[in-house]
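Peer 1: For reference, the structure I am asking about is given below.
The values are calculated or read from the model by the stated rules, or taken from the named source; none is laboratory data. Because the structure is a prediction, the values reported are computed rather than measured. All Cβ positions, even for glycine, are placed from backbone atoms using ideal geometry, and neighbour counts span all protein chains on display. Heavy atoms of the whole protein, side chains included, go into the accessibility calculation; ligands, DNA and RNA do not. Shrake-Rupley method; radii C 1.70, N 1.55, O 1.52, S 1.80 Å.
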Amino acid sequence: MKALSSLLLFSALLGQAQAQPFAYITNKDLITSQAIVSVIDTATNQVTATVPLGNGTDVWGMAVSADGARAYAVNKGDHTVSVIDGATQTVVATVNIATTDGPYGLAVSPDGARVYVADGLSNTVSVIDTTTNQVVTTVPVGGGPVAVVASPNGSKIYVANLIDSTVSVIDATTLAVTGTVSVGTYPVGIDISPNGARVYATNFSGNSVSVIDTASLNVSATVPVGINPVGVVVSPDNSKVYVANSGGGGLSVIDAATLTLTGSTLLDAHLFGVSVTPDGSKIYAVNSSYLPDPGNASKRAVSVVDAATLAVDTHIAVGQAPSSLGRFIQSSPVQTRITGRLEPVKAGKVLCQNLTTRQNISFNLVGATWDCKNAGLVVHKGDQVSVTVKGTAQQ
């Protein structure tokens, strides 16, 4: 038996992935007035599924796991969180939340292992184990928590407390509150930058966005926006912050470098939730108007805005009073699999490199099979990737 050294260098331009992410919109059925989620295929901007949630009619928050495998919808009316399978678009579990009022907003941890739920007047955050779909603990926070976001590395949880106008910081390991930041009046929405350096909280009555430095836990800036801002989301490249104003002013755009208002799109209805596609090209703004207006396509609809021009591409009709406060589109790109099999290699090392983003992933070779995506390599359309396999062959 003799050991041989083998080296493979593979480089290719990746094509478009087979699927695009879905946008999940919490709303109500116009005929039955029951809570539902409208599922929009962002490739076609068509509603491809309608998911019933339960007996309650007051829906609020929405969150999607980074890989799109699960979506979580808050049904405030019956104090539950519905778990939606991203492949079948059906409810696979319902989690009861012990709260006197709510739940409201929620967020999924980056690894998908937990869901954090803002419990409203119970002044707590419920922590759901996604393996069992059970609440494992509750964490006391400030007054009236309504929105939650997890840091990109999963170590911190940030909670917008409406009543006492603060943001609570939870350590994800100890599940203890480690800091409290005073922000503007009545924070309703919250998001975090992709690098975890800043948290943005919308101040509903302050008509502004508070910018929190996560290292010092100080408010580094307060940016005026439209009237009664609610939803907020940071672009994937960390260059822009999009704010949905429910009382007027449409969609505000903040430059993340200068922290100044650089643009806006005046949409026709009251905006609530806002999210963005993983490639940053499209913004989805939820128009939450309760008033019927057959002559206005944007009422009770989701407006799709081109991020480069801020022009409205289309309005997608959904149910009554849509909200979707939170990240209702998955944050990671849908990827083409980067796999291979190299015979007769039996053991060794694999180095996967995204030459465009400079991300490197290395792992031990299992048999003769390698899979860069499962190892954690993130690849977008057009990225150039090299795979180096170095191992031994049996003779």
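Peer 1: For residues that are part of a loop (DSSP other than H, G, I, E, B) and small (G, A, S), scanning just region 91-118, find the one that is surrounded by the fewest Cβ atoms within 10 Å (Cβ to Cβ). Write out each step before concluding.
Peer 2: Quick first cut of region 91-118, residues part of a loop (DSSP other than H, G, I, E, B) only: 97-105, 109-113.
Subsequent filtering for residues that are small (G, A, S) retains 98, 102, 105, 109, 112-113.
Working: A98: 12, G102: 24, G105: 32, S109: 20, G112: 16, A113: 14.
Across region 91-118, the extreme among qualifying residues is A98.
Peer 1: Give region 119-153 a look and list any residue that's touching a Lys or Arg at 6+ places or on another chain (Cβ under 9 Å) and under 17 Å from V181 (Cα atoms), or say none.
Peer 2: V149, A150
Peer 1: Inside region 243-267, can you point out the residues that are more than 19 Å from V188 (Cα to Cα) and part of a loop (DSSP other than H, G, I, E, B)?
Peer 2: A256, A257, T258, L259, L266, L267
Peer 1: Looking at region 197-240 only, could you name the residues that are within 25 Å of D171 (Cα to Cα), without any contact (Cβ under 8 Å) to a residue 60 or more places away in the chain and aliphatic (A, V, I, L, M)?
Peer 2: A197, V199, A201, V209, V211, I212, A215, L217, V219, A221, V232, V234
Peer 1: Going through region 94-107 one residue at a time, which ones are without any contact (Cβ under 8 Å) to a residue 60 or more places away in the chain and not hydroxyl-bearing (S, T, Y)?
Peer 2: Once the filter is applied, which keeps residues that are without any contact (Cβ under 8 Å) to a residue 60 or more places away in the chain and not hydroxyl-bearing (S, T, Y), region 94-107 yields V95, N96, I97, A98, D101, G102, P103.
Peer 1: Before we move on, is Q34 more than 23 Å from the chain's Cα centre (by Cα) and modelled with pLDDT of 85 or more?
Peer 2: yes
Peer 1: When you scan region 27-89 for strands (runs of 3 or more DSSP E) that lie fully inside it, which ones turn up with 1 or more residues that are charged (D, E, K, R), touching a residue at least 40 places away in the same chain (Cβ under 8 Å) and surrounded by 21 or more Cβ atoms within 10 Å (Cβ to Cβ)? Can you show your working first?
Peer 2: Numbers: elements: 35-41, 46-52, 59-64, 70-75, 80-85.
Where strands (runs of 3 or more DSSP E) fall fully within region 27-89 and carry at least 1 residues being charged (D, E, K, R), touching a residue at least 40 places away in the same chain (Cβ under 8 Å) and surrounded by 21 or more Cβ atoms within 10 Å (Cβ to Cβ), they are 70-75.
Peer 1: Would you check which residues across region 271-288 are in a loop (DSSP other than H, G, I, E, B) and either surrounded by fewer than 21 Cβ atoms within 10 Å (Cβ to Cβ) or under 18 Å from the mean Cα position of the chain (by Cα) (or both) and list them?
Peer 2: T277, P278, D279, G280, S281
Peer 1: Go through S331, S324, S362, S303 for me and flag whichever is surrounded by 16 or more Cβ atoms within 10 Å (Cβ to Cβ), among the hydroxyl-bearing types (S, T, Y) and modelled with pLDDT under 90.
Peer 2: Of S331, S324, S362, S303, the one residue that is surrounded by 16 or more Cβ atoms within 10 Å (Cβ to Cβ), among the hydroxyl-bearing types (S, T, Y) and modelled with pLDDT under 90 is S331.
Peer 1: On to the next question. In region 142-188, which residues are closer than 23 Å to V223 by Cα, open to solvent by 30 Å² or more (accessible area, probe 1.4 Å) and either touching a Leu at 6+ places or on another chain (Cβ under 9 Å) or among the charged types (D, E, K, R) (or both)?
Peer 2: I163, D164, T180, Y186
Peer 1: Identify the residue in region 196-233 that is of a type in the set (S, T, Y) and touching a strand residue (DSSP E or B) at 6+ places or on another chain (Cβ under 9 Å) and, among all such residues, is nearest to S264 (Cα to Cα).
Peer 2: Out of the qualifying residues, it is S208.
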